[in-house]
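Please treat every number below as a calculation from the coordinates, not as lab data. Because the structure is predicted, anything quoted here is derived from the model rather than measured. Ideal geometry is used to build each Cβ from the backbone, glycine not excepted, and the neighbour counts take in all protein chains shown.
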DNA sequence: CGGAAGCACTGAATCGGTTCAAAGACGGCC
DNA sequence: GGCCGTCTTTGAACCGATTCAGTGCTTCCG
């Protein structure tokens with residue numbers, strides 16, 4: 001009796017069968033008005049709460065959805081998460097947020113857990129597309145990639161054209177007169193980082209007099225950016241690039257802090273362009289130029305694709321690609 | 001056969017009973033080496049993944065823990081979440097992150113869902129301590145309050161001394177010569193906001209020549225801060241307070257943006273002190289003075305208290321209170 | 001040689017909802 | 001009165017892993 005009355009006790013109290021109680025909960029339109037009221041009264045009196053694992057066991061799937069991100073502390077991902085949550089909640093689903101810290105082992109263990117939970121689906125910004133994602137799919141759990149393009153034969157994905165984003169940033173820097181550009185970000189195994197670099201690289205290749213170098217970081221956070229900034233500053237004024245293009249805004253903020261700390265002025269000594277256009281970019285010490293992505297929309301669309309895949313009889317995988325937009329602020333003004 | 005082999009099929013393939021398979025999974029030391037290997041082989045060949053709802057149903061509780069926060073987009077909460085996640089993962093628990101947006105209705109619906117899921121416990125920064133939290137406790141689900149003190153008879157809690165935080169901020173502003181101080185934050189029903197104001201108020205009361213006024217906001221985010229800043233700026237230069245103390249850093253960043261946009265200089269025209277000392281405070285246009293809280297530690301401690309409550313036979317509720325620390329930066333420099 | 005103890009394994013009962021075929025109740029109509 | 005259709009309710013089977021009393025076997029000891 002103690003903490004957990006079950007559906008049988010409710011049935012007993014309301015003087016009906018368990019089947020009827022279940023119907024009141026799930027298809028109330030099948031139950032006659034007075035009966036329904038008696039059942040509701042019994043539920044209230046006993047403080048009954050449906051045991052979701054029992055329900056899940058019978059129905060075969062849960063009412064949750066997994067969201068696997070690289071770093072919850074990155075506002076880009078929390079904005080995406082907001083979009084996912086809004087859409088999921090509208091459909092009565094809860095979101096399980098998993099943080100991988102760019103660590104394949106953590107990613108793997110989170111995916112295992114989500115598989116055991118029989119989530120309805122997984123939204124993931126994968127680190128490496130190893131077998132584990134395929135394994136999920138084989139088990140019938142739909143997977144939607146976000147912030148990364150997938151294989152149209154296998155999965156849906158929602159991405160932003162990162163190559164274009166890289167082009168926008170590089171074009172802007174070249175047009176404002178910069179000739180030595182430093183790309184800062186990593187690890188390069190991350191598709192986002194790779195493609196942002198590629199985009200910049202393609203533009204630079206078309207200009208004989210412009211030079212692009214790469215400084216890889218071990219992560220995409222403020223600390224990594226600060227470390228990179230320190231290295232740039234330590235190399236001496238002569239070795240300084242005239243502009244830095246960072247793989248995301250956190251790195252850019254870190255670089256900005258380190259350079260400022262070393263007595264260099266942004267954008268006078270070095271210009272900076274970031275990526276993501278998180279809200280804090282505009283509020284930075286030197287307002288940051290950045291490549292904007294439709295963050296919440298990314299999340300909403302990803303969740304919608306997942307829901308479509310679970311409900312549609314004949315599902316065709318879709319690859320949605322949004323266009324990024326360059327926002328120019330003080331950090332790269334001439 | 002398709003997507004989901006169960007424990008029976010594994011048993012069949014390995015030539016053992018289901019009980020043995022279960023033992024291999026849960027208490028491998030009870031099973032002889034060669035048998036264990038055969039079972040593992042069968043699991044691998046079939047790609048078997050344990051159905052967690054069946055396990056939960058039998059065992060009675062899940063391996064998850066609910067974390068209910070006011071706003072995932074606030075770095076303060078993501079830092080707390082990191083702490084919670086670290087500790088939870090170490091103990092094999094997954095974290096379900098719920099966002100309430102300071103909306104009691106959303107809070108209630110999330111708590112209902114967590115109750116249905118039979119989570120091991122709930123960590124919450126509550127909006128209003130209405131009956132729903134008590135209802136959870138009655139059902140045997142431990143609740144730990146964080147960033148807020150609780151009733152020692154009922155629950156554990158982890159908080160930071162917000163009254164002290166308010167005192168620190170106000171004392172600092174008074175000592176640097178400010179005589180008209182504006183408190184910005186809200187809603188005042190939030191205990192944090194209330195107490196930060198109280199602390200400041202107590203200090204001001206001891207100084208006849210200092211005036212403290214309140215501008216309440218509807219939320220604790222950048223947009224609310226910006227709106228408040230606009231109102232301050234619109235009131236005209238003469239009506240301006242000489243310093244603003246904000247209930248958190250997001251509000252402070254919003255106020256900073258609005259004031260700067262209106263052509264006012266910080267700290268020359270108006271000084272600003274925030275609260276939380278999120279990472280972005282130091283990187284702001286004018287580096288923000290702020291009252292620092294041990295964010296990750298708050299999360300870790302909260303999770304530990306919860307785990308203690310679920311494992312200890314005789315549990316005594318504890319109220320942990322950390323001390324905040326004032327970090328002075330440019331925004332309140334004289 | 002008998003009995004006890006230890007070990008590895010078995011298999012049925014169990015957790016608590018959901019589902020669906022079937023039964024029951026009632027009214028309308030010929 | 002008998003038949004049919006509609007609406008409501010019933011109750012047992014079922015989902016899949018866990019658990020524990022119990023079986024069969026071996027070893028040890030007096």
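When only C-alpha pairs under 8 Å and at least 6 residues apart count, what is the relative contact order of region B:277-334, in percent? Relative contact order here is 52 percent.
Each residue, residue A:18 and residue B:137, gets one label point 7 Å from its Cα in the Cβ direction; the gap between the two is 3.2 nm.
Classification of region B:189-254 by its C-alpha gyration tensor yields an oblate form. The axis ratio a/c (a ≥ b ≥ c) is 1.5 or more, and b/c is at least a/b.
What is the antiparallel percent of DSSP beta bridges lying wholly in the protein assembly as shown, to the nearest 5? Of all bridge pairs located within the protein assembly as shown, approximately 10 percent are antiparallel.
Here the label points at residue B:116 and residue B:90, each 7 Å from Cα along the C-beta direction, are separated by 3.4 nm in the simple model. For a paramagnetic label modelled on residue A:198 (point 7 Å from Cα along Cα→Cβ), amide N atoms under 17 Å away belong, within region A:241-275, to A:247.
Computed per residue of chain A from DSSP H runs no shorter than four, each worth -39500 (n - 2.57), the mean residue ellipticity at 222 nm is -14000 deg cm²/dmol. Reducing region B:232-305 and region B:152-198 to their Cα centroids gives an inter-centroid distance of 13 Å.
Computed on chain A, with alpha-carbon pairs under 8 angstrom and 6+ residues apart, the relative contact order is 17 percent. The mean count of C-beta atoms from other chains within 10 Å of the C-beta of residues in B:282-290, rounded to a whole number, is 4. Relative to the first principal axis of the alpha-carbon coordinates of chain A, what is the inclination of helix A:222-234, with its axis defined by its Cα atoms, in degrees from 0 to 90 and to the nearest 10? Result, in degrees: 10. Counting Cα-Cα pairs of the protein assembly as shown in 20 Å increments starting at 0 gives whole-percent bin shares of 17, 45, 31, 7, 0.
Between 0 and 90 degrees, the angle of helix B:191-205 with respect to the longest Cα principal axis of chain B falls at about 30 degrees. FRET efficiency for the residue B:317 to residue A:209 pair, using the beta carbon distance and R₀ = 51 Å, is estimated at 0.15. Grouping the Cα pair distances of region B:7-50 into 10 Å bins from zero gives a pair-distance distribution of 35, 62, 4 percent in increasing distance order. Projecting 7 Å from Cα along the Cα-to-Cβ direction, the label point of residue A:261 sits 3.1 nm from its equivalents in the other copies, listed shortest first.
When a/c reaches 1.5 or more, the comparison of a/b and b/c decides; with that in mind, is chain A rounded, prolate or oblate per its Cα gyration tensor? Could you put the intermediate results ahead of the total?
Working: a/c = 3.07, a/b = 2.59, b/c = 1.19.
Judged from the Cα gyration tensor, chain A comes out prolate (a/c at least 1.5, a/b above b/c).
GNM on chain B, alpha-carbon springs under 10 angstrom: the most fluctuating residue among B:279, B:101, B:238 is B:238.
Residues of region A:273-301 falling in the label zone of residue A:262, defined by backbone nitrogen less than 18 Å from a point 7 Å along Cα to beta-carbon, are A:273-274, A:286.
Among B:28, B:267, B:324, whose mean-square fluctuation peaks in a Gaussian network model of chain B (Cα, cutoff 10 Å)? Largest GNM mean-square fluctuation: B:28.
Where both bridge residues fall in chain A, DSSP classifies roughly 10% of the beta bridges as antiparallel.
Using a 7 Å offset from Cα along Cα-Cβ at residue A:334, what residues in region A:252-296 end up with backbone N under 20 Å from the label point? Label zone hits: A:265-274, A:287-291.
Is the shape of region B:1-134 rounded, prolate or oblate, going by the alpha carbon gyration tensor and its root eigenvalues a ≥ b ≥ c, with a/c under 1.5 for rounded and a/b larger than b/c for prolate? Could the numbers behind the result be given before it?
Details: a/c = 3.07, a/b = 2.59, b/c = 1.19.
Judged from the Cα gyration tensor, region B:1-134 comes out prolate (a/c at least 1.5, a/b above b/c).
Here the relative contact order of region A:7-50, from alpha carbon pairs under 8 Å that lie six or more residues apart, stands at 42 percent.
What do you get for the angle between helix B:162-175 and the principal long axis of chain B? Use alpha-carbon atoms, 0 to 90 degrees, nearest ten. Roughly 30 degrees, rounded to the nearest 10.
May I ask you to compute the full-extension gain from residue B:297 to residue B:188, defined as 0.36 nm times their residue separation minus their alpha-carbon distance, rounded to one decimal in nm?
Working: separation 109, 0.36 × 109 = 39.24 nm, distance 2.58 nm.
Using 0.36 nm per residue and subtracting the Cα-Cα distance, I get 36.7 nm.
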